1. With +1 on each Lys and Arg Cβ and -1 on each Asp and Glu Cβ, and nothing else charged, work out how big the dipole of the stretch 1-153 is about its Cα centre, in Debye to the nearest 20.
2. Starting from the Cα gyration tensor of the stretch 60-136, multiply each eigenvalue by 5, take the square root, and state the resulting semi-axes largest first in whole Å.
3. Averaged over every viewing direction, what's the projected area of the C-alpha convex hull for the stretch 1-52? Give it in nm², one decimal, please.
4. State the answer as a single residue: which of 74, 5, 32 lies farthest towards the positive end of the charge dipole of the stretch 1-90, with beta carbon charges of +1 for Lys and Arg and -1 for Asp and Glu, about the Cα centre.
5. Where the only charges are on Cβ atoms (+1 Lys, Arg; -1 Asp, Glu), what is the dipole of the stretch 2-76 about its Cα centre, to the nearest 20 debye?
6. Sticking to Cα atoms, compute the Rg of the stretch 1-127 to one decimal and its Dmax as the biggest Cα-Cα distance, whole number, in Å.
7. Would you give the gap between the C-alpha center of the stretch 8-62 and the C-alpha center of the stretch 87-109, rounded to a whole Å?
8. Could you give the accessible area per residue of the stretch 22-125, probe 1.4 Å, as a whole number in Å²?
Amino acid sequence: MLVEPRSGLLAAWGNALLAGFVSPDEAALAIVGEDAVHRVDGLPGEVGPVGLTLALGRLRGLGATGFRVALPVPGHPLGLSGPPDFNARALEAEEAVVAYGVPYGLVPEVTEAGPAGDVHVEVVWRVLPVREAPPADVPSLGEAERELAEALRDATAVLSRLDVAGSGPVAEAAVDAYRARAERGREVLAPGYPPRAVRVLEMAQRVGLLVSVAYENGHGGAVSASEIAARGEALRPVERVARRAQVAAYNAYVEGGEVRR
């Protein structure tokens, strides 16, 4: 979760474009990142895939005033509002973008080719109808910040008691080193976002990475089935809270029903 999801990049920089903080080319460059190319398929009025710059302009012309993020997983339709077809595709991708002001959403389909270290990544964003309704289970920034602090404190206590990797200084050092490499030259969110949204996203990414470290570094001292189950029970709600906080941060632009200018 340290690396921003593609849906987060599209929503954040799409919002910055709509609010006049960046140019279309700047937004498209930031969204593509290290991928080879992004195209958008299914836009009204277009017979085939088009580039991001044209797609964002077309969505704005259709009435889009902002973009929201959805990060659903099985059992948790976070940020979705229907209909079933869009929800199913977003759940398969585990992410999506929902336009605000027009009934359209975008789901990424990612294609990778090439050897390790030289992978060519292409992304096609499928435009699909969405239901104009409040997104599922998205907290406010204030709620997300409080939940993150509480969940991290509770999970750290449980993981420490079970002697699980991810709860000690070695894991913290690994997180700091990874974060320094990942964030070198990277701007969190996009121009115009409120400082609190940036803070919440950074904290959510850090919490998500701690969860990943705990999962990837084995069971530590938790050798019994009950202790392993307790570890999973401690990590799952923290992971859920971190995803909720990510969505709250990305959606800060359209919180309250209008883009912040």
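The values are calculated or read from the model by the stated rules, or taken from the named source; none is laboratory data. These numbers come from a predicted model, not from an experiment. Because the Cβ atoms are built from the backbone with ideal geometry, glycine has one as well, and the counts that use them run over all protein chains shown. Note: areas computed on protein heavy atoms with side chains; ligands, DNA, RNA excluded. Shrake-Rupley method; radii C 1.70, N 1.55, O 1.52, S 1.80 Å.
1. Details: 10 positive and 21 negative charges, 102 e Å.
I would put it at about 480 debye.
2. So the three semi-axes of the stretch 60-136 are 25, 16, 9 Å.
3. Values: hull surface 17.1 nm².
For the stretch 1-52, averaging the hull's shadow over all directions gives 4.3 nm².
4. Checking the options against the dipole of the stretch 1-90, the answer is 74.
5. So the dipole magnitude of the stretch 2-76 works out to roughly 260 debye.
6. 14.1, 42
7. Spelled out, the Cα-based centre of one part sits 14 Å from the other.
8. It amounts to 46 Å² per residue over the stretch 22-125.
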